[in-house]
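First the structure, in the form of structure tokens, and then the observations on it.
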Amino acid sequence: MIPLIKKVQRTLKIFIHGSFANAKSWRKIIENLSGGDELITINLPGHGGMPEPADFDQPTLNPEFDVIKDVIQKYEQKFDDIHLIGHSYGGVVALETALSLKFPIQKLTLFEPVYVSILKTYNHKMMQKVVNDFVIDYEEAALCGDKFACAKVIDFWGGSGSFEVIPGHIKAQMTLMTKNNLRHWKICNSINRVADEYQNFDIPVSIIIGGKSNQVARKIAVTLNNHLPKSTLDIIQEASHFMITSHPAECTAILTNKYTM
């Protein structure tokens with residue numbers, strides 16, 4: 001009798017970082033993951049030594065898509081599933097990759113995606129105004145040469161005082177990334193999808209927010225969860241926007257389906 005051999009399902013997990021960050025942002029989570037999956041952390045254009053994108057005047061997600069394409073095309077034949085995992089702006093990249101590209105993506109995990117365009121699609125005018133007012137203030141500060149204009153972004157998403165406690169050498173690096181972050185805001189605000197595109201999206205999506213996150217982040221997460229048909233929403237009660245570094249154990253538990261609220 002020939003013994004039955006059970007095939008082990010293997011997943012390619014691609015981790016996509018947010019603004020003012022790089023692939024190392026996932027280090028604590030990667031260290032806690034085990035098993036046979038392939039874990040790839042990427043650097044987005046202009047981050048972690050990657051070349052700057054050439055589209056600052058009229059930015060699109062094409063440079064980000066090219067990075068994702070390179071990884072998927074290299075590995076997709078070796079794995080049964082592809083799982084995109086994104087934080088903040090990386091969550092926007094992950095979701096738009098799945099919506100825009102014809103790749104066999106089986107799952108998305110979005111840690112507090114800054115997908116502000118969903119507010120426009122579903123006419124959340126109050127939250128749209130909060131975002132628009134913030135962006136105007138931030139862009140003016142950057143245009144006027146405020147070296148630490150990026151502090152506004154960190155405090156907006158992470159809460160007042162979030163930038164102040166960051167070590168000085170990291171602050172210095174972040175100031176150099178302001179132009180990239182401004183590009184990210186332009187991209188996020190330029191996404192223009194209709195409701196049917198979300199409601200017909202058939203990939204399972206896990207959305208995670210912090211219990212201490214701001215009203216805009218919560219509204220984005222809840223709206224996505226309400227309109228993506230195969231979504232779930234988890235809350236890490238003691239976390240805010242930068243949960244992947246502040247609460248890696250809880251984030252890892254969510255990725256391994258062991259998290260309980």
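Which of the following residues is among the β-branched types (V, I, T) and modelled with pLDDT under 95: I118, I105, I136?
Matching residue, one of I118, I105, I136: I105.
I'd like to check something: does the range 4-13 contain any residue that is crowded, with 19+ Cβ neighbours inside 10 Å and over 16 Å from Y89 (Cβ atoms)?
Yes.
Report yes if some residue within the range 172-190 is at pLDDT below 95, part of a helix (DSSP H, G or I) and farther than 24 Å from E64 by Cα; otherwise report no.
Within the range 172-190, one or more residues are at pLDDT below 95, part of a helix (DSSP H, G or I) and farther than 24 Å from E64 by Cα.
Can you go through Q106, Q173 and tell me which one is in contact with a strand residue (DSSP E or B) (Cβ under 6 Å, 6 or more places away or on another chain) and over 24 Å from V194 (Cβ atoms)?
Q106
Cβ-Cβ distance below 8 Å, separation of 6 or more or different chains: which pairs start in the range 197-208 with a residue that is of a type outside the set (V, I, T) and end on one that is assigned to a loop (DSSP other than H, G, I, E, B) and modelled with pLDDT under 95?
Partner pairs satisfying both residue conditions: P204/Q106.
Quick check: is even one residue across the range 53-61 at pLDDT below 95, under 21 Å from Y198 (Cα atoms), surrounded by 14 or more Cβ atoms within 10 Å (Cβ to Cβ) and in contact with a helix residue (DSSP H, G or I) (Cβ under 8 Å, 6 or more places away or on another chain)?
no
Looking at the range 50-67, is at least one residue farther than 17 Å from R183 by Cβ and within 20 Å of the chain's Cα centre (by Cα)?
no
The values are calculated or read from the model by the stated rules, or taken from the named source; none is laboratory data. For clarity, every value in this text was computed on a predicted model and none was experimentally measured. Every residue, glycine as well, gets a Cβ built from its backbone with ideal geometry; the counts of neighbours run over all protein chains shown.
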